[in-house]
Amino acid sequence: MLVSIITTTINSPDWIQYYFDNLRTNHIDKSKEQFIVVGDNKTDHKAWYNKECEYKTEYWDIESQDSYLHQFNMKEGIKAKLFPYNNMLRRNFGYLRAIELGSDIIITVDDDNLPITCDFVSDHLDSINNHNVYSLKCMNNIINHCEMLELNHSGIYSRGYPIEHMFEFNPLISNGKNNKKVMLNMGLWTNKPDIDATYNVMFTDLNSSRSYIVNNFAMDKDTYFSVNTQNTAIRGEATHIFHNEYMDTVKGFPLHRFDDIWGGLFTMKVIHANNHTATFGKPTVEHRRNSHNYAKDLNTEYLGMTVNSRIWNKVMNMDISKGDYICGYLEIASNISEINEFTPEINRYFHNLATTMEEWCNLVEKVK
């Protein structure tokens with residue numbers, strides 16, 4: 001079994017040593033793990049090429065990425081949408097490369113999420129393999145995993161949680177041991193939780209001292225949570241559709257920072273359609289958040305927040321076929337392309353999003 005750990009970064013290689021140390025301490029087999037690090041325009045490529053790596057690590061600078069992508073003869077517009085420069089979507093290159101290498105499991109991480117005390121790979125694998133995983137549901141079918149963190153403020157929701165469903169009466173109900181195949185596992189964090197910019201502006205001192213989770217939780221039928229790409233493992237067919245979705249600027253307003261949220265939502269829809277499940281909980285990493293301008297983050301999130309609830313409702317209530325993951329994902333794309341309930345400019349964005357979803361599947365078919 002091959003596990004590929006993927007990220008994009010503009011930082012120096014210092015952070016990756018935490019992962020090497022964690023894997024070595026927990027006796028993770030070097031022959032079964034690899035790192036794929038995707039550079040960007042601001043990355044110090046020389047520092048990465050000079051980094052001594054005790055686990056197999058591929059570092060891709062911009063020139064090598066462009067050379068690799070040239071083989072697919074993509075239109076420049078599509079390439080710019082799926083693999084934009086100076087953007088978190090550069091990690092899409094890493095997903096594609098991992099699929100080409102035949103990875104059984106892909107773990108996507110952010111370079112400021114550090115595995116200090118957890119058994120990083122084993123915790124992900126234990127959940128993926130359904131070890132000590134319990135089924136969970138709630139009243140509105142959307143779980144707020146921030147409830148599982150010991151936070152110094154109350155009423156906090158995870159990034160991407162639909163505003164329309166916040167503060168509803170939504171008790172969590174456990175259904176005992178999970179008996180479904182797990183296709184995705186997302187780990188949580190100490191220190192800085194992953195929350196919308198609104199909360200970061202209101203609560204500048206927000207902190208999570210620990211997670212309450214002892215065993216991971218699987219989603220009961222048609223139950224969801226917001227997925228990010230900070231600390232998430234994906235297996236099997238789900239790796240073919242999970243990626244950071246195309247974002248854009250609409251009439252001068254940025255529609256950003258929902259690329260992983262909507263990518264996770266679409267993936268979970270296909271997971272549920274196939275009577276599989278997703279889990280969250282361990283491994284708990286320490287989020288030593290990179291410097292952020294929260295006012296700028298709020299500006300880039302605002303437009304997405306206004307449409308996010310309706311996208312969640314639309315996707316959760318879609319009828320898609322059971323079977324091949326790519327086919328199910330393309331059915332979601334077809335539904336997305338027909339969105340006609342917003343302004344013409346936003347409707348056009350969703351039509352373009354559907355096109356990039358189809359193009360992603362074309363790329364995957366070429367490399368898998």
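Please determine whether any residue of segment 144-152 is in contact with a His (Cβ under 6 Å, 6 or more places away or on another chain), in a strand (DSSP E or B) and among the hydrophobic types (A, V, I, L, M, F, W, C). The answer is no, given that none of the residues of segment 144-152 is in contact with a His (Cβ under 6 Å, 6 or more places away or on another chain), in a strand (DSSP E or B) and among the hydrophobic types (A, V, I, L, M, F, W, C). So is I271 farther than 19 Å from L136 by Cβ and either under 17 Å from the mean Cα position of the chain (by Cα) or touching a residue at least 24 places away in the same chain (Cβ under 8 Å) (or both) or not? No: the conditions fail for I271. The set of residues from segment 341-358 being among the acidic types (D, E) and either buried (at least 20 other Cβ atoms within 10 Å of the Cβ) or more than 24 Å from the chain's Cα centre (by Cα) (or both) comprises E341, E345. Scanning segment 196-212 for residues that are assigned to a helix (DSSP H, G or I) and in contact (Cβ under 8 Å) with a residue 60 or more places away in the chain, we see that the one that is farthest from I271 (Cα to Cα) is V201. Only residues that are over 14 Å from I156 (Cα atoms) and either part of a helix (DSSP H, G or I) or out of contact with any strand residue (DSSP E or B) (no Cβ under 6 Å at 6 or more places or on another chain) (or both) were counted in segment 180-195, giving 1.
Residue check: N215 meets all listed conditions (1) over 30 Å from I105 (Cβ atoms); (2) part of a loop (DSSP other than H, G, I, E, B) but one, namely (1).
The condition (being outside any loop (DSSP other than H, G, I, E, B) and of a type in the set (A, V, I, L, M, F, W, C)) is satisfied by just one residue among I6, I28, I10: I6.
Applying the condition of being aromatic (F, W, Y) and surrounded by 22 or more Cβ atoms within 10 Å (Cβ to Cβ) to segment 202-261 and asking which residue is nearest to E100 (Cα to Cα) yields F242.
Each value in this text was obtained by applying a stated rule to the coordinates, not by laboratory testing. All values derive from a computational prediction rather than experimental measurement. Cβ atoms come from the backbone with ideal geometry, glycine included; neighbour counts cover every protein chain shown.
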